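The values are calculated or read from the model by the stated rules, or taken from the named source; none is laboratory data. Computed from a prediction, not measured in an experiment: that's the story for all the values here. Virtual Cβ from ideal backbone geometry, glycine too; neighbours counted across all protein chains shown. Surface areas here come from the heavy atoms of the whole protein model, side chains and all, with no ligands, DNA or RNA. Shrake-Rupley method; radii C 1.70, N 1.55, O 1.52, S 1.80 Å.
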Amino acid sequence: MFKRNARQDLIFFLVFSAFVLSMPVLLAPIGAGYPDLLQKFAIYGLFAIGFNILFGLTGYLSFGHAAFLGVGSYAAVWMFKLLTMNVIPAIVFAVIISGLFALAIGYVSLKRSGIYFSILTLAFAEMSYKLAYSVLTPLTNGETGLQVKLRASGPVTDLINQDVRVLDAAMGIEENGIPAPSLFGLEITGWQAFYLCAVMLIAGFYIAMRINRSSFGMMLRAIKSNQNRLNYTGVYPRPYLLAAFTISGMYAGLAGALLAVTDPLAGAERMQWTASGEVVLMTILGGAGTLLGPFLGAAVIKYFENIFSAINENSLHAVLSFLPDPVENALVSVLSMFVGEGWHLTLGLLFMLIVIFLPGGLIEGFNRLIGLFTRSRKQTTGENREEA
Amino acid sequence: MSEKKLIVNRRQIIRGAAGGAALAVPILHYIKDAHAEEYCNMPKGKEVVLGFNVPQTGPYADEGADELRAFKLAVKHLNGEGDGGMLNTFKPSSLKGNGILGKKVTFVTGDTQTKSDAARASAKRMIEKDKAIMISGGSSSGVAIAVQSLCQDAGVIFMAGLTHSNDTTGKDKRRHGFRHFFNAYMSGAALGPVLAKAYGKDRRAYHITADYTWGWTQEESMKKFTEKEGWQTVKTVRVPLGAGDYSQYLTPVLSSGADVLILNLYGKDMVNALTQAVQFGMRDKVVNGKNFEIVVPLFSRLMAQGAGEAIKGIYGSVNWNWQLQDEATKAFVKSFGQEYGFPPSMAAHTCYVQTILYANACEMAGTFSPAGVIPALEGFKFDGLGNGPTEYRAADHQCFKDVLVVKGNEKPTSKFDLLSVVELTPRSKVEYDPKIFGGELGPINTKPC
């Protein structure tokens, strides 16, 4: 039993990796085959996969995970400004800082459960947002956002507007204009940045899968199903919760760092409560508690945000021009409510439909489809699919 | 468990090879692509794509909607449709009315949401997916600066729309970014003397400022030029963008001993703050033996429309006003009015002008390459676009022209007749040395993307 699972996991993992790496080709026909969007798929997929370790496994709904994303971004940009444009110190530092941050917030918030926990995390995240927006302006540069600047030639008086990059300077790396993030000389922009994000996503996915299958993951699921029972059997669940919270905070920090790598600018709006709500939507839309669901949810939401919001009446007219004029005009005026500025409406409808008809998210939908076609095989593989 | 993982069998090797192939295909795919063009998004077909990135939601949404109308009108005129608008008055013009360099102009749109992240994602989509060769738009300087540096890195041209911060062409200027709109420094330089004449030299000012790059630089410029006239600055308070309720910021004003309130706010924020200040009865108060006054350094007709009665008699500055009497303005107002049924705002005007100027620079250079377009725009002198003689200064890519000081109309004759021009401050009075703001333009970037 255990052996078969491990083997199926490996196949599942390899298929997932192959899919992620070939997204540039596979997703080109639906207009998503360009680096920025695919980077977003990978980054927010990572964010949601990490969030799912907390929410999907323990059932603790955090409404403040965007704070860790933001902290990760700021930490990464500071590394770019102070040390080097190499992405590795930035990513490592961002994960450490956001992990510490999550440890502190988790320690306080996890003293409560249920709705009180959610409200506490929301309060902490809003506090972080307000701090980043105005109080901590010397660290965050407020609304304008923290940016990579030119390396200072003379004495440094203002670190926000003058970078030092001591490591790069010590290694004698010349800069012509504002440099792009790099990996030992290889510039990390466009497709290179996508492949970096994709590799991180695959690694993150693998770790999440290992956690899911481990006894630690089992303990987290036990917390979700009945925490009282655990208490009565003599298990103190809070350390497990705190570990899960910190791990998911570190995932968020990694996602934040990758956002900063693909686009070296950190803004406070990344920490706003809407961003925290977005990751909850992603996870539920895809299927909370499943491995693949959060990634799918993240991809669907980012696709809507970037592609649907860009469709305007002109492009609708172009697509529907084969219809007779009155029909075309009527159809365009109806459809235009759901695209462009109306993409939120479409997403809301989709979310409603999924929550009502497919409470297990998109993954449940796929399982049902597969069930329809392979009714006879369902008995043997169904159990494993549920978890996938 | 761990032992089993280390054993590699034939099937796993085959799978690994399949995975490797899946990885190699897209990499080859983009390497092949990268060498086919001489610069980023070189137009290859019969069409050229421009990207219009404006706020469609958030506190600056009204401005964004009007900017989009102007862009669409500009594209129409460039393609030789409609009555041509300011194309007929613009000189020296190289435009032929058949698109740009014979290619039909098409466009894509996006929503900046007045957030740097969303704006950059939207601009990246235009560059990477839609192959836009030029990005334009704005309404928030924070966003404009973020998108401008993105365009520099990507190697496309950024023609800033409405952005008024000194930083856009100051410390955050870029070789690939150009601004036609005036800035906070010019507003201050034009308003200072007019305010001193109207309200006297012995005044105490209280600033309420939007907490981001534009607010900061406008507060700095207003302080500089009012203090030059002998005013004192009592206090400056920073408020977040989109605050909505300003009562907590307005109540301390009257007890501070200030007799002038300067609102460094814009869009719906300015409308809310000004309306609430008037509701508080501030304009009827007498402080230090003088009437309490409110100043709005950056005005716009859209804001005046939103603020209604509250705007009457209030001083501010604008980049352009639809009631100007020159031929270019008349032509633009006429064709905009025919298309949409109302006069254009100054946000619309600057976006229209920027699109025309970009198209003209491409025609002058005979190419879309930044290596040709940027030198064509640098130092370009032109007239007939509604602001009189104007120059794109080469040192910082800022347009220099006369600045309009306006006042809210006491007796409007229509719902669009809201601002009356008090003074036309000549260009020489608002000009400055580009070095005072620091920053570097950087190199021309013709790297293929």
Requested in this report: Have a look at B:Val295, B:Val239 and point out the one that is of a type in the set (Val, Ile, Thr) and at pLDDT below 90.
Outcome: B:Val239
**Report entry** Output for segment B:318-335, where each listed residue is open to solvent by 10 Å² or more (accessible area, probe 1.4 Å), outside any loop (DSSP other than H, G, I, E, B) and in contact (Cβ under 8 Å) with a residue 40 or more places away in the chain
**Finding:** B:Glu327, B:Ala331, B:Lys334
Query raised in the report: Is it the case that B:Pro343 is touching a helix residue (DSSP H, G or I) at 6+ places or on another chain (Cβ under 8 Å), at pLDDT 90 or above, surrounded by fewer than 22 Cβ atoms within 10 Å (Cβ to Cβ) and not in a helix (DSSP H, G or I)?
Result: yes
Report task. Could you please let me know if B:Tyr315 is aromatic (Phe, Trp, Tyr) and more than 29 Å from B:Ala132 (Cβ to Cβ)? Result -> yes
Query - Hits in segment A:321-346 - residues which are more than 26 Å from A:Met282 (Cβ to Cβ) and open to solvent by less than 20 Å² (accessible area, probe 1.4 Å) - result: A:Glu328, A:Val332
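Just one of B:Gly80, B:Gly99, B:Gly64 is open to solvent by less than 10 Å² (accessible area, probe 1.4 Å), without any contact (Cβ under 8 Å) to a residue 60 or more places away in the chain and assigned by TED's automatic domain parsing to the domain that holds B:Ser141; which is it? Even if it seems obvious, please write down each step before you answer.
Details: B:Gly80 fails: open to solvent by less than 10 Å² (accessible area, probe 1.4 Å); B:Gly64 fails: without any contact (Cβ under 8 Å) to a residue 60 or more places away in the chain.
On inspection, the qualifying residue turns out to be B:Gly99.
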Requested in this report: Evaluate segment B:208-217: report whether one residue or more is open to solvent by 50 Å² or more (accessible area, probe 1.4 Å) and either away from chain A (no Cβ under 14 Å) or touching a Phe, Trp or Tyr at 6+ places or on another chain (Cβ under 9 Å) (or both).
Outcome: no
**Report entry** Condition check for A:Ala132: in contact with a Ser or Thr (Cβ under 6 Å, 6 or more places away or on another chain), under 30 Å from B:Thr217 (Cβ atoms) and either open to solvent by less than 50 Å² (accessible area, probe 1.4 Å) or of a type in the set (Lys, Arg) (or both)
**Finding:** yes
Query raised in the report: In the set B:Thr236, B:Thr251, B:Thr226, B:Thr275, which member is within 14 Å of chain A (Cβ to nearest Cβ) and either assigned to a strand (DSSP E or B) or among the hydroxyl-bearing types (Ser, Thr, Tyr) (or both)?
Result: B:Thr236
Query raised in the report: Among the candidates B:Leu441, B:Leu404, which residue alone is under 21 Å from the mean Cα position of the chain (by Cα) and in a loop (DSSP other than H, G, I, E, B)?
Result: B:Leu441
Report summary line: So the helices (runs of 4 or more DSSP H) completely within segment A:83-161 holding 3 or more residues that are within 23 Å of the chain's Cα centre (by Cα) and small (Gly, Ala, Ser) are A:87-109, A:114-130
Query - Filter result for the condition that a residue is touching a residue at least 12 places away in the same chain (Cβ under 8 Å), more than 14 Å from every other protein chain (Cβ to nearest Cβ), closer than 23 Å to A:Leu27 by Cβ and among the hydrophobic types (A, V, I, L, M, F, W, C), over A:Ile370, A:Ile307 - result: A:Ile370
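If you scan segment A:164-204, which residues turn out to be among the acidic types (Asp, Glu) and either closer than 29 Å to A:Ala42 by Cα or within 12 Å of another protein chain (Cβ to nearest Cβ) (or both)? Reasoning before the result, please.
Within segment A:164-204, the subset among the acidic types (Asp, Glu) is A:168, A:174-175, A:187.
Result: A:Asp168, A:Glu175, A:Glu187.
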Report summary line: Of the listed residues (B:Gly306, B:Gly257, B:Gly281), the one being among the small types (Gly, Ala, Ser), more than 14 Å from chain A (Cβ to nearest Cβ), closer than 19 Å to B:Ser420 by Cα and open to solvent by 10 Å² or more (accessible area, probe 1.4 Å) is B:Gly306
Query raised in the report: Is there a residue being farther than 22 Å from B:Leu162 by Cβ, within 23 Å of the chain's Cα centre (by Cα) and not assigned by TED's automatic domain parsing to the domain that holds B:Ser139 anywhere in segment B:215-223?
Result: yes
Requested in this report: Can you work out which of the residues in segment B:102-112 that are among the hydroxyl-bearing types (Ser, Thr, Tyr) and surrounded by 22 or more Cβ atoms within 10 Å (Cβ to Cβ) is nearest to B:Lys381 (Cα to Cα)?
Outcome: B:Thr109
Query - Matching option when the condition is within 14 Å of chain A (Cβ to nearest Cβ) and of a type outside the set (A, V, I, L, M, F, W, C), among B:Gly384, B:Gly408, B:Gly438 - result: B:Gly438
Query raised in the report: In this structure, does A:Gly289 turn out to be free of Cβ contacts under 8 Å to residues at least 24 places away in the same chain, away from chain B (no Cβ under 14 Å) and not in a helix (DSSP H, G or I)?
Result: no
Report task. Starting from segment B:41-53, take each residue that is farther than 14 Å from B:Lys129 by Cβ and list its partners that are among the small types (Gly, Ala, Ser) and surrounded by fewer than 17 Cβ atoms within 10 Å (Cβ to Cβ), counting only C-beta distances under 9 angstrom and pairs at least six apart or across chains. Result -> B:Met42/B:Ala36; B:Lys44/B:Ala36; B:Lys46/B:Gly102
Report summary line: Across (1) open to solvent by 10 Å² or more (accessible area, probe 1.4 Å); (2) assigned to a loop (DSSP other than H, G, I, E, B), B:Asp396 clears everything bar (1)
Query - Pairs with Cβ under 7 Å, 6+ apart, first in segment A:328-348 and within 14 Å of chain B (Cβ to nearest Cβ), second in a loop (DSSP other than H, G, I, E, B) and loosely packed, with under 15 Cβ neighbours inside 10 Å - result: A:Leu345/A:Met337
Requested in this report: Please work out which residue is farthest from the other protein chains (Cβ to nearest Cβ), limiting yourself to segment A:1-56 and to residues that are crowded, with 24+ Cβ neighbours inside 10 Å and of a type in the set (Gly, Ala, Ser).
Outcome: A:Gly56
